[in-house]
Structures are given as C-alpha cells and as structure tokens.
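Working notes, beginning with the structure itself.
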Amino acid sequence: MKRVLVTEPMHDTGFALLRARDDIDAVFAEDMTPETLARLIPGVHGIAVRGAFLTAELLTLASDLQVVSRHGVGCDRIDVGHLTSRGIPMAIAAGANAQSVAEHTMALALSVARHQPALDDAVRDCDFDARNRLLATDLSGATMLIIGFGRIGRKVAPLARAFGMDVTVVDIKLDRELAAQMGCRAVEDFRPELTSADFVSLHVPLDDSTRHMLSKSEFEMMKTGSILINCARGGIVDEVAMMAALDAGQLRGAGLDVLSTEPPPPDDPMLTSLLARSDVILAPHAGASSFGAKIEMSRMAIQNLLDAFDGKLDPDCVFNLEGLNAP
C-alpha cells in the first residue's frame with residue numbers, strides 16, 4: 001500500500017485516478033500550513049502539490065518518500081535540490097497548461113497594446129472621446145522576443161505569428177529547426193535583441209540563473225515604447241528597475257500575471273505603485289486558470305505519482321532528471 005499526501009484541492013479528474021487504485025491510501029491536507037504538512041507527511045510515499053511550500057525540513061520528515069508530483073510546472077516553492085540528493089524524482093505536469101498560458105500571454109499583449117481596461121472604463125464613464133486619445137499599438141508587423149522556447153514559448157510563437165508578428169526566440173537549449181519551421185528567428189543571447197523588440201515575453205523558470213534576468217541594464221537596452229509580458233515568474237524581473245523603465249517611458253506598458261511576492265501584502269509599496277498605473281495590467285497568476293488546463297494538470301499530477309510507483313514515469317515529466325542522472 002502506497003500512502004499519498006495531497007496538499008491542496010485539485011479537479012476530481014485526478015482524484016478519480018486515486019480512487020481507482022486499491023493499493024493507494026490517499027491523505028488530504030485540510031490546509032497547507034507547515035504545521036499541518038509536518039503532521040501528515042511522515043510515512044508518505046508520494047506527495048501531490050499545487051502551491052504549498054515543501055522545504056527540506058518538511059521533506060526530511062518523509063523518510064519513505066519516492067516521488068513528489070507538481071500540479072503545474074514551476075518548482076520554485078519546492079526544495080528540488082533536497083529531492084535530487086535523495087534520488088527522488090520531482091515530477092511536473094509537462095505541457096498540461098502550456099496552451100492556456102500561451103493564450104493568456106497573447107490576451108495580456110493585446111490588452112496592454114490596445115489599452116483595453118482604460119477603454120472599458122471610458123465607455124462606462126460615457127467618455128467616447130477616449131478612442132482618440134488611447135491609440136493602440138498594432139501587433140501586425142511588430143517584433144516579439146520570446147525568452148524561453150520551451151513548452152509554453154513554443155505555443156506562444158505560432159499565436160504571435162498568426163497576428164502577423166515577427167518572432168525571435170531565445171533558449172539555452174535552442175531548437176533551431178523547430179524555430180525555422182515556425183517562421184521564427186532563433187538566437188542564443190536575448191540582450192542584443194532588446195533594442196529592436198516591440199514586445200518581450202518571458203517563459204523561463206525561476207532559478208539562480210534567471211532571477212532578475214531583466215534588470216536595470218536590460219531595461220535601458222530595450223526599445224523605447226516596448227511592452228513587457230511576464231507569464232512566467234515574478235522574480236525574473238527586477239520590479240524596481242521595471243518601474244523606473246515605465247516612469248522613463250522606456251517601457252510603454254507591462255502585462256504581469258506574476259509578481260515577486262504572491263500574494264503581496266495589501267500595504268506592499270510595489271503593489272501600491274503597480275495598482276496606481278494605467279500602463280500596467282495585472283492578473284493573479286492566472287495563466288493556467290482555464291477549464292482544460294485545470295483538468296489536465298490534475299490528471300497529470302496524479303498520473304505521474306502512479307507512474308512513479310509503477311516504475312514507468314515519463315522522463316519528460318521529471319524536472320530534476322539531469323540531477324538524478326548525474327554521476
């Protein structure tokens with residue numbers, strides 16, 4: 001019998017997979033506080049997690065742990081290094097939310113480019129002259145720089161191309177052949193491209209190599225009047241430098257699905273500054289919040305656990321695969 005801890009609610013599609021197995025004992029946490037998790041985690045063989053923090057201190061309590069499976073793809077709230085040191089795979093729902101995040105990326109790009117919230121407010125205020133003040137930036141003919149050509153970036157690229165955009169993609173493991181098939185330029189260094197990009201869209205994980213990837217020097221390189229879209233992780237962007245770029249007009253606007261602190265406290269000065277701006281459109285980390293994505297992430301989160309127990313976990317779904325295979 002395998003004992004599985006589910007840290008947070010998920011769509012019933014995943015839970016149905018658990019119920020179908022008579023060799024699984026599922027435990028559902030009533031909340032995701034460290035105290036609750038510390039009480040429930042001893043003796044578990046697998047953990048299905050959405051947004052809970054799984055520190056090394058907590059994970060050490062699970063001496064029988066065989067796998068941790070994420071309802072999503074970002075693992076910055078989990079001590080993956082600790083898992084890797086113990087030979088435990090960190091499974092992710094690879095590709096489950098990619099289309100949803102890609103569509104959300106384009107929604108933010110369009111909303112910022114066309115001043116959509118301000119136009120909505122104008123109609124509600126009977127201010128139809130706003131259409132003469134709030135002129136849109138056309139996507140057709142504009143250049144989009146996609147930083148991160150992984151599962152999500154590869155979904156964003158054809159959507160941007162469908163709008164008539166010129167697309168340049170960047171990745172440390174660059175698939176130039178695929179980029180060419182999609183009609184995209186492929187480069188290995190994003191910084192020289194900042195001077196000509198009208199839109200910059202981020203799709204990289206948050207780690208030591210990407211934290212504050214866009215900071216003061218990068219914003220100063222960016223084309224005047226460009227638009228930033230971040231549907232990845234908040235810490236990738238130096239928010240203080242971003243605000244300065246907005247104030248200086250270097251950035252025309254930003255569409256942010258993520259912030260460095262989520263949720264930020266109500267009195268957080270950065271949140272206060274962002275809320276006061278009409279050139280920034282915010283969303284509460286909602287890129288994966290579509291019906292299809294929620295169902296598929298739930299299914300994959302549980303299926304990856306079961307596959308790990310059965311010895312057939314798909315390597316493409318193992319976040320720390322390289323670390324596990326290292327000599």
Item to check | Any chance Asp120 is assigned by TED's automatic domain parsing to the domain that holds Glu177, out of contact with any helix residue (DSSP H, G or I) (no Cβ under 7 Å at 6 or more places or on another chain) and surrounded by fewer than 16 Cβ atoms within 10 Å (Cβ to Cβ) | outcome: yes
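Would you call Met213 crowded, with 19+ Cβ neighbours inside 10 Å and either among the aliphatic types (A, V, I, L, M) or in contact with a helix residue (DSSP H, G or I) (Cβ under 7 Å, 6 or more places away or on another chain) (or both)?
Working: crowded, with 19+ Cβ neighbours inside 10 Å: yes; either among the aliphatic types (A, V, I, L, M) or in contact with a helix residue (DSSP H, G or I) (Cβ under 7 Å, 6 or more places away or on another chain) (or both): yes.
Here the answer is yes, as Met213 does meet what is asked.
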Checklist entry - Taking interchain pairs and intrachain pairs at least six residues apart, which have beta carbon atoms under 6 angstrom, with the first residue in region 76-92 and in contact (Cβ under 8 Å) with a residue 60 or more places away in the chain and the second aromatic (Phe, Trp, Tyr)? => result Met90/Phe319; Ile92/Phe319
Checklist entry - Given the conditions (1) closer than 25 Å to Phe291 by Cβ; (2) touching a strand residue (DSSP E or B) at 6+ places or on another chain (Cβ under 8 Å), and given that Gly46 satisfies all but one, which numbered condition is not satisfied? => result (1)
Checklist entry - Within the group Ala26, Ala48, Ala56, which residue is crowded, with 19+ Cβ neighbours inside 10 Å, touching a helix residue (DSSP H, G or I) at 6+ places or on another chain (Cβ under 9 Å) and either more than 20 Å from Phe309 (Cβ to Cβ) or of a type outside the set (D, E, K, R) (or both)? => result Ala48
Next on the checklist: Among the residues of region 136-155, are any in contact with a Lys or Arg (Cβ under 9 Å, 6 or more places away or on another chain), part of a loop (DSSP other than H, G, I, E, B), free of Cβ contacts under 8 Å to residues at least 24 places away in the same chain and within 21 Å of Ser226 (Cβ to Cβ)?
Outcome noted: yes
Next on the checklist: Which residue is farthest from the chain's Cα centre (by Cα), if the candidates are limited to region 112-161 and must be within 23 Å of Asp257 (Cα to Cα) and of a type in the set (Lys, Arg)?
Outcome noted: Arg114
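Just one of Phe291, Phe309 is out of contact with any Leu (no Cβ under 8 Å at 6 or more places or on another chain) and either under 20 Å from Gly153 (Cα atoms) or modelled with pLDDT of 95 or more (or both); which is it? Before you say what the answer is, go through the steps one by one.
Working: Phe291 fails: either under 20 Å from Gly153 (Cα atoms) or modelled with pLDDT of 95 or more (or both).
Result: Phe309 is the single residue among Phe291, Phe309 that is out of contact with any Leu (no Cβ under 8 Å at 6 or more places or on another chain) and either under 20 Å from Gly153 (Cα atoms) or modelled with pLDDT of 95 or more (or both).
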Checklist entry - Which of the residues that make up region 156-187 are of a type in the set (A, V, I, L, M, F, W, C), touching a Ser or Thr at 6+ places or on another chain (Cβ under 8 Å) and assigned to a loop (DSSP other than H, G, I, E, B)? => result Phe163, Met165, Cys184
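This table checks each residue for (1) surrounded by 19 or more Cβ atoms within 10 Å (Cβ to Cβ); (2) of a type in the set (A, V, I, L, M, F, W, C); (3) farther than 24 Å from Ser196 by Cα.
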site: Thr224; (1), (2), (3): no, no, no
site: Ile227; (1), (2), (3): yes, yes, no
site: Ala232; (1), (2), (3): yes, yes, no
site: Ala245; (1), (2), (3): yes, yes, no
site: Ala254; (1), (2), (3): yes, yes, no
site: Val258; (1), (2), (3): yes, yes, yes
site: Pro265; (1), (2), (3): no, no, yes
site: Leu274; (1), (2), (3): yes, yes, yes
site: Pro284; (1), (2), (3): no, no, yes
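Out of all the residues in region 291-310, which are surrounded by fewer than 17 Cβ atoms within 10 Å (Cβ to Cβ) and within 21 Å of Val101 (Cα to Cα)? Show your work before the answer.
First, pick out the residues of region 291-310 that are surrounded by fewer than 17 Cβ atoms within 10 Å (Cβ to Cβ): 291-292, 295, 310.
Listed by number, the residues that qualify are Phe291, Gly292, Ile295.
Condition check ((1) under 27 Å from Arg191 (Cβ atoms); (2) in the same structural domain as Leu119 (by TED's automatic domain parsing); (3) not in a helix (DSSP H, G or I)) across all residues:
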{"position": "Leu228", "(1), (2), (3)": "yes, yes, yes"}
{"position": "Met243", "(1), (2), (3)": "yes, yes, no"}
{"position": "Gly255", "(1), (2), (3)": "yes, yes, yes"}
{"position": "Ser273", "(1), (2), (3)": "yes, yes, no"}
{"position": "Glu296", "(1), (2), (3)": "no, no, no"}
{"position": "Gln303", "(1), (2), (3)": "no, no, no"}
{"position": "Lys312", "(1), (2), (3)": "no, no, yes"}
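Quick grid of which residues meet (1) closer than 20 Å to Phe199 by Cα; (2) touching a helix residue (DSSP H, G or I) at 6+ places or on another chain (Cβ under 6 Å); (3) at pLDDT below 95:
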{"position": "Ala94", "(1), (2), (3)": "no, yes, yes"}
{"position": "His104", "(1), (2), (3)": "yes, no, no"}
{"position": "Ala107", "(1), (2), (3)": "yes, no, no"}
{"position": "His115", "(1), (2), (3)": "yes, no, no"}
{"position": "Phe128", "(1), (2), (3)": "no, no, no"}
{"position": "Leu139", "(1), (2), (3)": "yes, no, no"}
{"position": "Ala142", "(1), (2), (3)": "yes, no, no"}
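The values are calculated or read from the model by the stated rules, or taken from the named source; none is laboratory data. In this text, all values refer to a predicted model and were calculated from it rather than measured experimentally. Glycine also receives a Cβ, built like all others from the backbone with ideal geometry; neighbour counts cover every protein chain displayed.
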